[in-house]
Amino acid sequence: MKRSLLAASLVAASFSASAVVPGGDSCGWGNMLFEGQSGLPMHVVASTTNGTSGNASFGMTSGTNGCSANGTLTYGGNPMIDLSSIMGEFSEDVARGHGDAMTTVAVALKIEAQDRQTFESVMHENFAVIFPTENVTSEEAMAAVLEVMKADARLSKYAA
């Protein structure tokens, strides 16, 4: 039972550790109770306190508990798209300039239908950037896809 609780706490911490906390960095009773503390265990306890009592949500809607909904949420983690299961097909599609795997990635990146042909041609033109060697990992390829998109005027809005 203790292991399950610890595992659940660590999973919850890994999700919240990558993003700016909704409501702000000092939002909720957990932050108030454990103010000045640092380290993963204290962040997990503060996050759990905020989550189990719902006080951070209340604070964001009422403007209390040190919370605010005025800031912009950010995410500093890895992209949520995992190319590993379609890596071979995706590389072939990029080399060809079209295909189902490229469409899948475009949809996952929320590229609008009118911009998907641009996505396909930009990916195709940058094949050597995305796949500089045959040993590229799926994470490296996805990071390169996002960088290529950021450099393109039409696709940059999807890579932000």
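The values are calculated or read from the model by the stated rules, or taken from the named source; none is laboratory data. What you see is a predicted model; the values in this text were computed from it and never measured. All Cβ positions, glycine included, derive from the backbone under ideal geometry; neighbour counts span all protein chains shown.
Residues of the stretch 66-74 include at least one that is assigned to a loop (DSSP other than H, G, I, E, B), within 30 Å of F127 (Cα to Cα), outside the structural domain of V145 (by TED's automatic domain parsing) and at pLDDT below 75.
Screening the stretch 24-46 for residues that are at pLDDT below 75 and surrounded by 11 or more Cβ atoms within 10 Å (Cβ to Cβ) and picking the one that is farthest from the chain's Cα centre (by Cα) gives S26. The single residue among V145, V136 that is in a helix (DSSP H, G or I) and outside the structural domain of N31 (by TED's automatic domain parsing) turns out to be V145. Suppose the filter is within 30 Å of F34 (Cβ to Cβ), touching a Leu at 6+ places or on another chain (Cβ under 7 Å) and either surrounded by 12 or more Cβ atoms within 10 Å (Cβ to Cβ) or assigned by TED's automatic domain parsing to the domain that holds S26 (or both); does T49 pass it? Considered against the rule, which asks whether it is within 30 Å of F34 (Cβ to Cβ), touching a Leu at 6+ places or on another chain (Cβ under 7 Å) and either surrounded by 12 or more Cβ atoms within 10 Å (Cβ to Cβ) or assigned by TED's automatic domain parsing to the domain that holds S26 (or both), T49 comes out as yes. For the stretch 102-116, the set of residues classified as closer than 12 Å to V145 by Cβ and assigned to a helix (DSSP H, G or I) consists of M102, V105, A106, A108, listed by residue number. Within the stretch 116-160, being of a type in the set (D, E) and surrounded by fewer than 18 Cβ atoms within 10 Å (Cβ to Cβ) holds for E125, E134, E139, E140, E147.
Note on the stretch 117-133: among residues that are out of contact with any helix residue (DSSP H, G or I) (no Cβ under 8 Å at 6 or more places or on another chain) and assigned to a helix (DSSP H, G or I), the one that is nearest to S85 (Cα to Cα) is A128. Applying the set (1) part of a loop (DSSP other than H, G, I, E, B); (2) modelled with pLDDT of 90 or more; (3) under 16 Å from Y158 (Cα atoms) to N78 leaves exactly one unmet item: (2).
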